[in-house]
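The values are calculated or read from the model by the stated rules, or taken from the named source; none is laboratory data. Quick caveat: nothing in here was measured; it's all calculated off a predicted structure. Because the Cβ atoms are built from the backbone with ideal geometry, glycine has one as well, and the counts that use them run over all protein chains shown. Heavy atoms of the whole protein, side chains included, go into the accessibility calculation; ligands, DNA and RNA do not. Shrake-Rupley method; radii C 1.70, N 1.55, O 1.52, S 1.80 Å.
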Amino acid sequence: DSIKLGKKSAAYIAVDENIQDNQVIGIGSGSTIVYAAERIAQKVKEEKLKLVCIPTSFQARQLILDNGLTLSDLERNPELDVALDGADEVDSRFNLIKGGGGCLTQEKIVASCSKKFIVIADFRKDSQVLGEHYTRGIPIEVIPMAYKPIMRKIKTLYGGSLELRMARAKAGPLITDNGNFIIDWKFESGDHDWKKVNTELLMIPGIVETGLFINMANKAYFGMQDGTIKVRE
Ligand code: DER
């Protein structure tokens, strides 16, 4: 279908244009990045590239191993050349919502350690303002014991509605790769000063990380419905 095709073609182009020999590469999480890992593995084989990959989740770690790529970590490679990742939404100012897959904390850490951060997404993620297409709200990773007071504080400060993200294949709340809970914050529609909101949220004790990636992405490749690729930078 056009979404899968869009993800795959965007991922292949993003890899072909940005991956080369001797790089340290951040591998994101979600479904789109699967195509990027596949393409990297093809290029490593075809062009005998030497590169190492840093995961952003258990899923990304498996993806690296399953594709026969060389696994590394931030202890051995604290600075990356390029990080590739998906996103739930990209607004006109390159603010991202990430965390739909629950991996936002390690994704943001790895992206912050990289000289370049590239988003790969299908056309549904290409928005003018956040919330236009992605309606599940901003994922916020929290320390489990504090989720209730944090939900109340966000509600008081910013309104909207908040939901503790429940697991699907396990009873109870979703547990992240870091052992925490995730709250999804469905914010009031309209434009927000996301840089300010992000900074304020991170000051609330118990909030580990937000799915607001502000001024982090350098480039985005969107797989469009007609099979073309839209590049924004
Ligand atoms: O959780 C994340 O931030 C992921 O990158 C994710 O939201 C993008 O997922 P997708 O590539 O499966 O759409």
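Considering only Gly137, Gly86, Gly101, the mean-square fluctuation computed in a Gaussian network model of the chain, springs between alpha carbons under 10 angstrom, is largest for Gly101. Counted over the chain, the DSSP beta bridges are approximately 50% antiparallel. The calculated FRET efficiency for the pair Leu174 and Val231, based on their C-beta separation and a Förster distance of 35 Å, comes to about 0.60. Summarising the overall dimensions of segment 1-47 from its C-alpha atoms, the Rg and Dmax are 10.7, 35 angstrom. Cα gyration tensor of segment 68-192, axes a ≥ b ≥ c as square roots of the eigenvalues: rounded (a/c below 1.5), prolate (a/b > b/c) or oblate? Oblate is the answer for segment 68-192, as a/c is 1.5 or above yet b/c matches or exceeds a/b. Computed over the chain with a Gaussian network model linking Cα atoms closer than 10 Å, the most mobile of Leu80, Leu69, Leu202 is Leu202. Split the accessible area of segment 16-63 by element, probe 1.4 Å, and carbon with sulfur accounts for 50%. Using the Cα gyration tensor of segment 1-114, with a ≥ b ≥ c the square roots of its eigenvalues, what is the shape: rounded (a/c below 1.5), prolate (a/b larger than b/c) or oblate (neither)? It comes out oblate by the Cα gyration axes.
Taking each DSSP H run with n ≥ 4 as -39500 (n - 2.57) and averaging over every residue of the chain yields -9500 deg cm²/dmol at 222 nm.
Relative to the compact-globule estimate of 2.2 N^0.38 Å, the Cα radius of gyration of segment 163-233 comes out at 1.47.
Under a Gaussian network description of the chain, with springs only between Cα atoms under 10 Å, the residue in Ile13, Ile182, Ile25 that fluctuates furthest is Ile13. Can you grab the distance from the C-alpha centre of segment 114-184 to the C-alpha centre of segment 190-233, Å, no decimals? About 12 Å separates the Cα centre of segment 114-184 from the one of segment 190-233. For segment 28-123, the solvent-accessible area of protein heavy atoms averages 40 Å² per residue (probe radius 1.4 Å; ligands and nucleic acids excluded). Pairs exceeding a 20 Å alpha-carbon distance, out of Lys98/Lys186; Lys98/Lys195; Lys43/Lys108; Lys48/Lys230; Lys48/Lys115; Lys98/Lys125: Lys43/Lys108; Lys48/Lys230; Lys48/Lys115. Distance between the 7 Å Cα→Cβ label points at Ile109 and Lys4: 3.4 nm. In this structure the amide hydrogen of Glu89, modeled in the peptide plane, comes within under 5 Å of the amide hydrogens of Ile97, none closer than 5 places in sequence on its chain.
Report the paramagnetic label zone for Phe58: residues of segment 88-114 whose backbone N is under 17 Å from a point 7 Å from Cα along the Cα-to-Cβ axis. Answer for segment 88-114: 101-107.
Using every pair of distinct Cα positions in the chain, the Kirkwood expression returns a hydrodynamic radius of 18.0 angstrom.
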